[in-house]
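Written out below as C-alpha cells is the structure these notes cover.
The values are calculated or read from the model by the stated rules, or taken from the named source; none is laboratory data. What you see is a predicted model; the values in this text were computed from it and never measured. Here the Cβ positions follow ideal geometry from the backbone for every residue, glycine too, while neighbour counts run over all protein chains shown.
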C-alpha cells in the first residue's frame, strides 16, 4: 500500500459531504481528479468505500469503519505536528538540572525558576540535588542538561558561565563569644583555633576545597571536630554548640534561633556559582530559554 495523508483528507471530505462536487470545492480542486484519487484509494485498500450513482453517494460498511480510523490518523498527525512545533518553540519539553543544596536559597536562581515556570507551565523541570563534583559525570553523559554548582575544576568537555559571586559567612551559635560582635562582622583570623563543623572530605563538595584554600591564605589550619555530608547538618550541629563553620551567605535565609551568621571582613571570602553545560550537547529550546533567563536576572 502507498496511502498518503492527502488520500485520507480527500476521503474524509467526500464522506462528510456525500457529494463529490461539494467535496472538490472544499478541497480547491476539480471533481474528476478527486474521483480518480478516491478510486486509487479504494484500489489500495481493496474495498469499495462508497456506493455511488448519478443521484447520491453513500458510505459502505467498509467506508464507515475506514472513516473512523482516518479521522484518528489525521488527529494523531495534527497532534504530533503541534507537539513538535511547541518543543521547537520551547513551549513543551523537559529540563533536567543538577543543583547543590544551596541553590534553592539563592534569590536570583529561585526567582529565575519561578519566572520560567510561570511563563512555560508545560515544560517539566526535573531538579536533582547533588553536590558540585557529583554533577560532572551526569553532565558528561547527558543525564543532566545543565548543572548549577560552585566553582571547581572541570573537564574539557564542560563549559561554565558565571551566574553570581556570593559572600561566605561564618556560622556560629548565638552564645558563642564571636556572636557578640556589635556590627555582626568578624575577621577570618578570629576563627583560628575554633572547633570546626565541616563537610566530609569524601563527600566531594567544592566548598570543602574552596574553604580550606581560603583559610590557608590566612595561615589557618582548621581544627575539624565534626565532618558531615550536608550543609543543613552543619547548621544543625552548630546550633547544638558543637563548633563553628563557614558557608555561603545564601544559607542565611535558613533562620534558626540559636544560629548567628556573621559577615567576613576579608574580600577574599567569596564563592562563585556557575551554570555548567556540555560543550557539544545541543540544548532544547526550552533549556536555552531558561539559561538566558538565569543569566539576565
All conditions in (1) assigned by TED's automatic domain parsing to the domain that holds residue 175; (2) in contact with a strand residue (DSSP E or B) (Cβ under 8 Å, 6 or more places away or on another chain) are true of residue 268 except (2)
For region 79-106 the number of residues that are without any contact (Cβ under 8 Å) to a residue 24 or more places away in the chain and more than 21 Å from residue 143 (Cα to Cα) is 7
Under 7 Å between Cβ atoms, which residue pairs at least 6 apart in sequence (or on different chains) link something in region 127-145 that is farther than 24 Å from residue 110 by Cβ with a partner that is assigned to a loop (DSSP other than H, G, I, E, B)? 140/155; 140/157; 142/281
Selected residue (only one of 283, 293 is under 32 Å from the mean Cα position of the chain (by Cα), at pLDDT below 95, on the phi < 0 side of the Ramachandran plot and in a helix (DSSP H, G or I)): 293
Only one of (1) closer than 14 Å to residue 63 by Cβ; (2) in contact with a helix residue (DSSP H, G or I) (Cβ under 7 Å, 6 or more places away or on another chain); (3) surrounded by fewer than 14 Cβ atoms within 10 Å (Cβ to Cβ) fails for residue 39. Which number is that? (2)
Of the numbered conditions (1) crowded, with 17+ Cβ neighbours inside 10 Å; (2) within 9 Å of residue 198 (Cα to Cα); (3) under 28 Å from the mean Cα position of the chain (by Cα), residue 229 satisfies every one except a single condition; which is it? (1)
Quick check on my filter: what residues within region 121-139 are within 12 Å of the chain's Cα centre (by Cα) and either surrounded by 17 or more Cβ atoms within 10 Å (Cβ to Cβ) or not assigned by TED's automatic domain parsing to the domain that holds residue 277 (or both)? 123, 125
So, in region 271-282, how many residues would count as being surrounded by fewer than 16 Cβ atoms within 10 Å (Cβ to Cβ) and touching a strand residue (DSSP E or B) at 6+ places or on another chain (Cβ under 9 Å)? 1
